[in-house]
1. Can you pull the Kirkwood radius for region 44-132, inverse mean 1/r over Cα pairs, to one decimal in Å?
2. Run the numbers on region 579-649 and let me know its relative contact order in percent, using alpha-carbon pairs under 8 Å that are six or more apart.
3. Taking the Cα centre as origin and putting +1 on Lys and Arg beta-carbons and -1 on Asp and Glu beta-carbons, what dipole magnitude results for region 348-467, to the nearest 20 debye?
4. Report, in listed order, any pair from K17/K65; K65/K294; K364/K649; K173/K286 with a Cα-Cα distance greater than 28 Å.
5. Once the principal axes of the Cα atoms of region 573-675 are found, what is the range along each, listed largest first in whole angstroms?
6. Dipole of region 534-675, Cα-centred, from +1 at each Lys and Arg C-beta and -1 at each Asp and Glu C-beta, to the nearest 20 debye?
7. Given q = 0.25, 0.32 Å⁻¹, what are the Debye log10 I(q)/I(0) values for region 588-635, with equal point scatterers placed on the Cα positions and solvent ignored?
8. Any idea what the alpha-carbon Rg over 2.2 N^0.38 Å comes to for region 261-334?
Amino acid sequence: MANFQPLVYQELPQRLKTVLPENAPVGMRMAAAEGNLPLITQDLVTCLYYLSSDDDPRVRRSARKHLRELPETILRRALLAEISPKILDWFASVDLSPQELYELIILNKGTPDSAYIEMAKRVKDTRVLQLLARNEQRFLRNPRILAALRANPHLSAEVREWSKDFFRRHTGKDLEDVLSPDEILEIIRDVPDAVIGEVDMAPPPEAVAPEAVAPEAATPEAVAPEAEGAPEAVEDRQVAPAHAAPTIEVIQIPDPNAEFFANIQPLRWEQLSPRLQTVVPEDAAKSIRMAVAKSNLPLETVDLVMGMFYVAFDADPEVRVAARASLTELPASLLNTTLSTPMPAAILELFSRIELPDPALYEKLLLNRNTPNSAFVRLASTRREERVIRIIAGNEQRLLAEPRIIAALERNAATPISILDRARSFYKLSKGRSHKEAIEEIEAREAAEQEAQAAAREAQEAAEARAEALEAEELSEEAGEEIEAIEQPAETGGELIGDELPEGFSVDDLLREQFDPEEKFAKELLEDPDEALDKDSRQGLNQQVNAMTVLEKMQLALSGNIEARTLLMKNPNRLIQECVLRNPKITIDEIIRVATDKSQKEEIIRMVAANRDWTKSYAVVHALCWNPKTPFLQASKYLGRLYVKDLQKIAKSKAIPGMLAVQARRLVAEKQRFN
């Protein structure tokens, strides 16, 4: 076995040592070599690799045979798991199929540099080579990787030039300045001769042994550009720009399973288990998402299925299609565990749509308390197994909650008449009316809700159109005012004197004026007090503020302490209130009070709602949704961030605008159905 470094017993993981003692008899070692011991994936591969150097030739041959014949699913999980670097190094030196398995070796943090060099020399897949080139820290730390990579005939000219430029920019040297000619020859010794001429860091002809390199391949000029597999020659002066990093094209492929996922609510990242969130961060790279999609990560069954479902709605079509294919082809063993676990309703809804490998699995699905009623309706009309039909018809709580299940049983020709009659009678005795009457009422209610939602959407679109028209009108008026200001000479008396502010004066005009607050105002109006003020002190501050002109109040609002801001926020002048909001000292608690105040001016509430920093606070968003002065478009946007319990209160409140309450009810229904 080429590039094989034997493992000693002390290097085995403790789990494996427990199952396979150091002095294990030949019979036990043979059983282990045949893969018959109860081991997890990475321990199974480690065990086979360890026994590949066993003293007994029969054990050794069996272990090597099974190691070479490992199925792709086992390899995928093992190559991403925590496993000995010796094993990863060996797998990097053998022919793996498909070649994308090398990507998993690259992604494994335990992979040694020697494995990178081996893959860089021998891998043909362009995706793998691009991934190797992307690991910039590796080849900066070990330039031998870059030397092997650039000697590979399958590396594109773009990536070869980019890597050369990147190395030069970050080290200030060319590769031939770092590695000697002998080192380069040693690295690319087993690379085809036609490639050596393509490597711009190749040693001079006199340094090359005649038997190592053909004479016509000793220099770049000697290489024929039409050589098979050789990229086009690139001059050293043609350096790719720094931003021209190689990219991997997304392969557009059809999605044969799209119909199964239609109208299914995807999972949000926050709904994943903590274990899965650790493995798949919210901004996970495509390689990790693809590993999840193809079930290549060492995860528990529930997390594995949930992860595949999560990436089944990925923005990248390649990841999405791979995940959907994996979900629709899950083996019965995994489905048995999945359907017996309280999974999210959306996942169980999906499995009610696809053909499961064993009809008994539908029984597991129907007995799961999280299975949605829509899945019962679907299975009641499509399944022909009498046991499945009896489970559906025997779930009395489901029948009472969703009478359309009975209607679905009626459409199913396989439903026995006795079961159907019993279901009809039970519903009528329990509800006092037939299931058909109940269905008509449900459908009428749903139609009314759809009409209300459509009306809300139309109203929202109309509001958006009005807002755009109003904004355009305001812009037009502002443009007209600017033209008038240009055409008409400025009048005297436009200075900031007393309570008379120039027409059209704004806070921005004040901000352009330079003034020193410490010279204009007392210390007790600028610095926050160490302790709460008593009644007399607060009254004194109030008198000082009331004696100020409008301009002075605006200046104080921009720089005053919390006492001054509290007093000035009660002033009816909108400009003064706007200055308070522009005060850099203002706290989030003050913003919450402003957002909660239903008597506040709409312009001030609009300012709060438009500030991204303030609306990061849940309390601010919650207060804005309750305030009728909040513009509808902004309030409806923030509804989606509220917890279900808060949405339910808004949906039932009569103090909320009707369209907003309708939207709240819709969001409550969606979140409850989703959970």
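The values are calculated or read from the model by the stated rules, or taken from the named source; none is laboratory data. Here the structure is a predicted model, which means the values were calculated and not measured. Here Cβ is always computed from backbone atoms with ideal geometry, including for glycine, and neighbour counts include all displayed protein chains. Side chains included, ligands, DNA and RNA excluded: accessible areas come from the protein's heavy atoms. Shrake-Rupley method; radii C 1.70, N 1.55, O 1.52, S 1.80 Å.
1. On the way: mean 1/r = 0.0749 Å⁻¹.
Value: 13.3 Å, from the Cα pair sum.
2. Rounded, it is 28 percent for region 579-649.
3. Charge dipole of region 348-467: 560 debye, to the nearest 20.
4. K364/K649; K173/K286
5. 46, 23, 18
6. 780
7. -0.81, -1.42
8. Values: Rg = 11.1 Å, N = 74, 2.2 N^0.38 = 11.3 Å.
Normalised Rg, Cα atoms only: 0.99.
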